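Okay, so here's the structure we're looking at.
The values are calculated or read from the model by the stated rules, or taken from the named source; none is laboratory data. Note that the coordinates shown come from a computational prediction; the quantities given were computed from them, not determined experimentally. Keep in mind that these areas ignore ligands, DNA and RNA; they rest on the heavy atoms of the full protein, side chains included. Shrake-Rupley method; radii C 1.70, N 1.55, O 1.52, S 1.80 Å.
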Amino acid sequence: MEGRPVIRVLLADDQEIVRTGMAMILSAEDDIQVVAQARDGLHALELAASHRPDVVLMDIRMPRLDGLDALRHLTRPHATYRPQVVMVTTFDDEDYLTRAVAAGAAGFILKDSGPRLLAEAVRAAAAGDSLVSPSITVRLLRRLRTAAPAPGSVSAPGAAAARPGAAHLSPREREVVVLLAEGLTNAEIATALSITVGTVKTHLTNVQAKLGARNRVETAAWAWRNGIAGQGT
């Protein structure tokens, strides 16, 4: 699309047919460019270092190095280059959700998602403006209400409740967090609360600082785990 920056994408999946299908779908979009395809987690790290993609679509289960370990490497605190990583999953992978969120996943998408949703997921991750595939992410995050923290996880979303500031959200910040956790975009939150998109972004920046959350998914996960979201569901 004219005037729209091109989003550089790395695909990481051990199934060639899956990579090929996603590449065909995304390459048809004027504002998305598939710059590399990785066959496993180690290959993904090598290609990420050399191609520096904006977004990585990462399968969870891969040989040599699985998607979770590759995710942790790409999102490590002192990394000089940190792409947005979207985990490609099935609902059979729900046990991995807590660890993926704690490791800094920007969102989740199903392997059998259609072309429109796949492209939207990439754009959302690149913009940092919405949870990737909101209906999918919310269904997965709901499980955090009863899920136990991942063994060995030092930064699981539930840990945010013990940090200073986690219990000190303003009433407006809590409203924003609830809507975020339900999968609304910034624009939708702004409309629902009759405020500007800029104000929504400011509230979310403040919330993330209070919670020590790295991204919107971690913020949403904290809300679900601590019973702030989904009280009516």
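With the full set of protein chains in place, find how many percent of the accessible area of segment 1-123 is carbon and sulfur; take the probe as 1.4 Å. Walk me through the numbers before you get to the answer.
Numbers: 2790 of 5750 Å².
Heavy-atom surface of segment 1-123 belonging to carbon and sulfur, 1.4 Å probe: 49 percent.
Tell me the per residue accessible area of segment 1-79 using a 1.4 Å probe; a whole number in Å² is fine.
Details: 4020 Å² over 79 residues.
Ligands and nucleic acids excluded, the figure is 51 Å² per residue.
Below 8 Å between Cα atoms, with a sequence gap of 6+, how large is the relative contact order for segment 28-80 in percent? Mind dumping the intermediate values first?
Details: 38 pairs, mean separation 18.6, N = 53.
Averaging sequence separation for qualifying contacts and normalising by length gives 35 percent for segment 28-80.
Tell me the carbon and sulfur percent of the accessible area for segment 181-233, rounded to whole percent, probe radius 1.4 Å.
On the way: 1150 of 2170 Å².
For segment 181-233, the apolar C and S fraction of the accessible surface comes to 53 percent.
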